[in-house]
Amino acid sequence: MAANITEVTENYLQPIVEELQLELVDVEFVKEGKNWFLRVYVDKTEGIDIEECAVVSEKLSAILDENDPVDFPYFLEVSSPGAERPLKTKQAITKNIGKNVYVKLYEPIDSEKEYEGTLKAFEDDVLTLEVMVKARKKEVALPYEKIAKARLAVTFN
């Protein structure tokens, strides 16, 4: 059910984000406690402000009210993806080469399912991360199809 609602919402959002020259980062439909939340994450190169989020929310809310894809109460939230934005597409990964990322795998590589390090390259569907292992830098190759989740990672120096 949640997958269908997110897919329908993404279809409704496409013309809105194109009109406003925004990037649709993610859509999720999740239950937290007793409540359901339809969360939309949008952004643009120079960052997004609360007024732009409000415009997206108003336009999307009108479409959702008219088409009613969810037949029970839920909360609509529109926001920026934040500092640890998800990297859900190959384009998003490529755009963030040189940045610190967190990657969770479906199955272990070198006995590890989670990696955090600098994204050095993304070629032929393989991410190359520079990670620290016992105070030494090491490069690890992670095939795209084995990635369960990837996001930017904030580091404090």
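Please specify each residue of segment 27-62 satisfying the condition of being under 14 Å from the mean Cα position of the chain (by Cα) and in contact (Cβ under 8 Å) with a residue 40 or more places away in the chain.
Of everything in segment 27-62, those that are under 14 Å from the mean Cα position of the chain (by Cα) and in contact (Cβ under 8 Å) with a residue 40 or more places away in the chain turn out to be F29, R39, Y41, D43.
Looking at D71, D110 in this structure, which one is closer than 22 Å to E7 by Cβ and either surrounded by fewer than 16 Cβ atoms within 10 Å (Cβ to Cβ) or basic (K, R) (or both)?
D71
Within the group K95, K120, which residue is closer than 23 Å to E10 by Cα, of a type outside the set (G, A, S) and free of Cβ contacts under 8 Å to residues at least 24 places away in the same chain?
Every option except K95 fails the conditions.
Give the residues of segment 113-130 that are among the hydrophobic types (A, V, I, L, M, F, W, C) and surrounded by fewer than 17 Cβ atoms within 10 Å (Cβ to Cβ), sorted by residue number.
A121, V126
Within segment 14-53, can you find the residues that are surrounded by fewer than 16 Cβ atoms within 10 Å (Cβ to Cβ) and of a type outside the set (D, E, K, R)?
Q14, P15, L20, Q21, V30, G33, N35, F37, T45, G47, I50
Show the residue pairs meeting these rules: Cβ distance below 9 Å; 6+ apart or different chains; first residue within segment 143-157 and more than 11 Å from Y102 (Cα to Cα) and without any contact (Cβ under 8 Å) to a residue 40 or more places away in the chain; second residue part of a strand (DSSP E or B) and hydroxyl-bearing (S, T, Y).
E145/Y106
Just to check your reading of the model, which residue among E84, E107 is outside the structural domain of V140 (by TED's automatic domain parsing) and closer than 30 Å to K138 by Cα?
E84
Just need a number here: residues in segment 3-13 that are surrounded by 11 or more Cβ atoms within 10 Å (Cβ to Cβ) and over 17 Å from L60 (Cβ atoms).
Total satisfying the criteria: 0.
Here is a list: I97, I93. Which entry is surrounded by 14 or more Cβ atoms within 10 Å (Cβ to Cβ), of a type in the set (V, I, T) and part of a helix (DSSP H, G or I)?
That would be I93, the only listed residue that is surrounded by 14 or more Cβ atoms within 10 Å (Cβ to Cβ), of a type in the set (V, I, T) and part of a helix (DSSP H, G or I).
The values are calculated or read from the model by the stated rules, or taken from the named source; none is laboratory data. Computed from a predicted structure; not experimentally measured. In this analysis, Cβ positions are derived from the backbone assuming ideal geometry, glycine residues included, and neighbour counts consider all displayed protein chains.
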